[in-house]
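Worksheet: the structure to be examined is printed underneath.
Computed from the coordinates by the stated procedures, all read-outs in this text should not be read as laboratory data. Bear in mind the structure is a predicted one, so any value in this text is a computation, not a measurement. In this analysis, Cβ positions are derived from the backbone assuming ideal geometry, glycine residues included, and neighbour counts consider all displayed protein chains.
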Amino acid sequence: MRGILILAHGSREKSTEQTLQQVVNYLGEIFSEEIIETAYLQFSNLDLHTGLEKLRAKGVDNIIVIPYFLFEGVHIKEDIPKEIDKYLKENKDVKITMGKTLGADKRLAEILADRIRDAL
């Protein structure tokens, strides 16, 4: 069974977790047949390992990790892949694929333009 893990950076400000959960709620409307969980790289007990385990507890053995990050920095290129590799060494019966960051996307520019208009 396939599941999706939305992985955010995390923040000391806990209200950010509510924001990500709202985004995941929107995703649930689009991907209603998928199991979707959240996790955070830092500042949360709901770390990457815990998020993967939550999916596994629901019978998921094919996990797509989507980083909710704008840029491909050291977390994306090194930290997250290392954690995934470590998890895979301990859990050989699971497949994990990592997707791309949000990156440069015209849809993000449209959202940014809306924010600019709101501020004008």
Discussion item. Can you work out the Karplus-derived ³J(HN,Hα) for every residue in the stretch 18-33? Use 6.51 cos²θ - 1.76 cosθ + 1.60 with θ = phi - 60°, whole Hz, and x for glycine or proline.
Written reply: 5, 5, 5, 4, 5, 4, 5, 4, 4, 4, x, 6, 7, 10, 5, 8
Fill in: Degrees, to the nearest 10: 106-119 long Cα axis against longest axis of the chain
40
Response to the item:
Per-residue Cβ contact counts at 10 Å, fewest first, order Glu83, Glu37 as Glu83, Glu37
Response to the item:
Asn91 and Arg117 label points (each 7 Å along its Cα→Cβ direction) are spaced in nm at 4.2
Worksheet item: Restricting attention to the stretch 46-115, which chymotrypsin sites (Phe, Trp or Tyr not before Pro) occupy a DSSP loop and are surrounded by at most 13 other Cβ atoms within 10 Å?
Response: Phe71
Worksheet, complete the sentence: Spelling it out for Tyr68: with amide H atoms placed in the peptide plane at 1.01 Å from N, the residues 5 or more places away or on another chain with amide H under 5 Å from its amide H are Leu7, Ala8
Worksheet item: Once amide H atoms are built 1.01 Å from N in the peptide plane, which residues 5 or more positions from Ile4, or in another chain, come under 5 Å H to H?
Response: Ile35, Ile36, Glu37, Ile64
Worksheet item: Around Asp47, which amide H atoms from residues at least 5 apart in sequence, or from another chain, sit under 5 Å from its own amide H, with H modelled in the peptide plane?
Response: Tyr40
Worksheet item: In sequence order, what are the phi-derived ³J(HN,Hα) couplings for the stretch 61-72 according to the Karplus relation 6.51 cos²θ - 1.76 cosθ + 1.60 with θ = phi - 60°, rounded to whole Hz, with x for glycine and proline?
Response: 10, 10, 10, 9, 9, 10, x, 8, 10, 7, 10, 9
Fill in: Linear extension gain, Gln18 paired with Ala109, 0.36 nm per residue minus alpha-carbon span
30.4 nm
Discussion item. Give me a comma-separated list of calculated 3J(HN,Hα) values for the stretch 87-97, in order, Karplus coefficients 6.51, -1.76, 1.60 applied at θ = phi - 60°, integers in Hz, x for any Gly or Pro.
Written reply: 4, 5, 5, 8, 9, 6, 9, 10, 10, 10, 10
Worksheet item: Expressed in nm², what is the orientationally averaged projection area of the convex hull enclosing the Cα positions of the chain?
Response: 8.3
Fill in: Computed [θ] at 222 nm, helices only, for the chain once each DSSP H run of length n ≥ 4 contributes -39500 (n - 2.57)
-13500 deg cm²/dmol
Discussion item. Between Leu102 and Lys82, what's the calculated FRET efficiency when r is the beta-carbon distance and R0 is 22 Å? Round to 0.05.
Written reply: 0.55
Fill in: Angle between the chain longest axis and helix 48-57 axis [Cα atoms, degrees, rounded to 10]
60
